[in-house]
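Visitor: Quick one: the structure is below, questions incoming.
None of the figures in this text is laboratory data; all of them are computed from the coordinates on show. All of these numbers come straight from a predicted model, not from anything done at the bench. Note that we place each Cβ from the backbone using ideal geometry, even for glycine, and neighbour counts take in every protein chain shown.
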Amino acid sequence: MNMSDATIEEYVLSHIDKEPEVLSWLTRETHLRTLKPRMLSGHLQGRMLKMFCAMMSAKRILEIGTFTGYSAICMAEALPEDGELHTLEINDEMEEFLNEVFERSGMSEKIHLHIGDASRLIPQLEGQFDVVFMDGNKRHYSEYFDVVFPKLRLGGLLIADNTLWDGHVLEDSKDAQTVGVQKFNDKVFSDERVERVIVPVRDGMTLIRKIKE
C-alpha cells in the first residue's frame, strides 16, 4: 500500500512529543506575519532539536538565524536552569516581535538575542558552545562554519539546516544559495576534524561532530 508523504507526516506527528502551546501559537503568528513561513522549523524538527541538545547535555547553545524564534525556544527547553542560548538574527525589524515571543515562552532569561551579521558577531561571543544550529543565509554557510568552528567545543555538535535545499544540490545551478549549500556540503565532507551525517528530514539536516581542533 502506498501512502503519501502527507499521510506519513501526519502519522509521525501524532506519535511524537506534543508541540507546546506557545509553539502552536508561534506557528500561526509566523504564517500571519511573514512572507516565507516555510522557513519555520516546525513540530518534528523542533522536537528533534530539543532532543539533540538534551542528549548533548548542552549548557551553551548558539543559533545562527533566529527567524521567528521557534527553533530557539525548542533548544532552550533542553537547557538546565543556568544554561544559555545565544541566537543571531540579521533582520533588525524582527527584534521587537522576537522579544515578545521569548517573553511569552518563559525562556527570555535563557535566550540572548543578538541583532547583526553573524560573521561579525560570532567572534565577539565569549567562551565555547556545546551545540551550534546553523540556519542563516545559505550563501554564507562555509563562512559561518569557519568562524564558528573555534567556538564549538571538542566533542560538540553543529547542526546545519537545509543542506539538501529542496533537492537543488543535485543540480548544476548558478543560484547563489544553491551554490552556497553545495560548497558547504563539499567543505564539510572533506574536513578531517569532524564526523558528519546528512539526515534527510524535511529539507535536510547535517549533523557535524567536532573530533579534532
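Visitor: What residue, among those in segment 56-100 that are in contact (Cβ under 8 Å) with a residue 60 or more places away in the chain and of a type in the set (Ser, Thr, Tyr), is surrounded by the fewest Cβ atoms within 10 Å (Cβ to Cβ)?
Guide: Once the filter is applied, the top-ranked residue is Ser57.
Visitor: Which numbered condition in (1) outside any strand (DSSP E or B); (2) surrounded by fewer than 19 Cβ atoms within 10 Å (Cβ to Cβ); (3) under 19 Å from the mean Cα position of the chain (by Cα) is the only one that Gly155 fails?
Guide: (1)
Visitor: In a helix (DSSP H, G or I), farther than 19 Å from Ala160 by Cβ and of a type in the set (Lys, Arg): is that true of Arg47 in this structure?
Guide: In short, no.
Visitor: Moving on. (1) free of Cβ contacts under 8 Å to residues at least 60 places away in the same chain; (2) under 22 Å from Trp25 (Cα atoms): which one isn't true of Met48, the others all being true?
Guide: Condition not satisfied by Met48: (1).
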